Amino acid sequence: IILLKPSTFMNLSGNALKYWLIKEKIQLNNCLVVTDDINLPIGTVRMKKKGSDGGHNGLKDIQLVLNSNKYGRLRFGVGSEFNPGSQVNYVLGEWSEEEQKGLKERTETIGNAIKSFATIGLDKTMNEFNNK
């Protein structure tokens, strides 16, 4: 499992991911990208094995650099309760007290999904964790 540290270049993740895939000789089907998703309600967890970038700039860059959309992704819903033009501040901002209530359970779910991906693969993990 490779974790890329968020930074001001987080939407330029493709080169970093490609570097580690090559360096560690990881096949693309063994890659899982974990990302926030404003198109999902807060706390929702979804896994996919391929797909579009869905307007997510980080995924857009990964797909551009890798020239593929066939890699696992775990999307964590952060909701869309922001004013136009303030998406960055919303996504990178502090969780409200209300949002924090279910965060511990959700982060445990994400951790379990990542472990499951690493041990039993994406298909079985998707069956176990999607729609819960």
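Numerical summary
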{"item": "Residues being surrounded by fewer than 18 Cβ atoms within 10 Å (Cβ to Cβ) and part of a strand (DSSP E or B) - total across the stretch 47-78", "result": "2"}
{"item": "Of all residues making up the stretch 104-132, the number that are part of a loop (DSSP other than H, G, I, E, B), touching a residue at least 60 places away in the same chain (Cβ under 8 Å) and either over 19 Å from Asn29 (Cα atoms) or open to solvent by 80 Å² or more (accessible area, probe 1.4 Å) (or both)", "result": "1"}
{"item": "Count of residues meeting criterion [within 20 Å of Ser52 (Cβ to Cβ) and either at pLDDT below 85 or open to solvent by 40 Å² or more (accessible area, probe 1.4 Å) (or both)] in the stretch 1-36", "result": "8"}
{"item": "Candidate set from the stretch 24-70 (those that are touching a Gly at 6+ places or on another chain (Cβ under 7 Å) and of a type in the set (Asp, Glu)); member that is nearest to Glu81 (Cα to Cα)", "result": "Asp37"}
{"item": "Filter pass, Glu81 being surrounded by fewer than 16 Cβ atoms within 10 Å (Cβ to Cβ) and either under 12 Å from the mean Cα position of the chain (by Cα) or assigned to a helix (DSSP H, G or I) (or both)", "result": "no"}
{"item": "Flag for Thr35 being part of a strand (DSSP E or B), among the polar types (S, T, N, Q) and closer than 24 Å to Gly14 by Cβ", "result": "yes"}
{"item": "Qualifying residue in the stretch 54-65 (condition: under 17 Å from Ile114 (Cα atoms), at pLDDT 90 or above and out of contact with any strand residue (DSSP E or B) (no Cβ under 6 Å at 6 or more places or on another chain))", "result": "no"}
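The values are calculated or read from the model by the stated rules, or taken from the named source; none is laboratory data. This structure is a prediction, so every number in the text was calculated from the model and none was measured. Virtual Cβ from ideal backbone geometry, glycine too; neighbours counted across all protein chains shown. Calculation scope for accessible area: heavy atoms of the full protein, side chains included, ligands and nucleic acids excluded. Shrake-Rupley method; radii C 1.70, N 1.55, O 1.52, S 1.80 Å.
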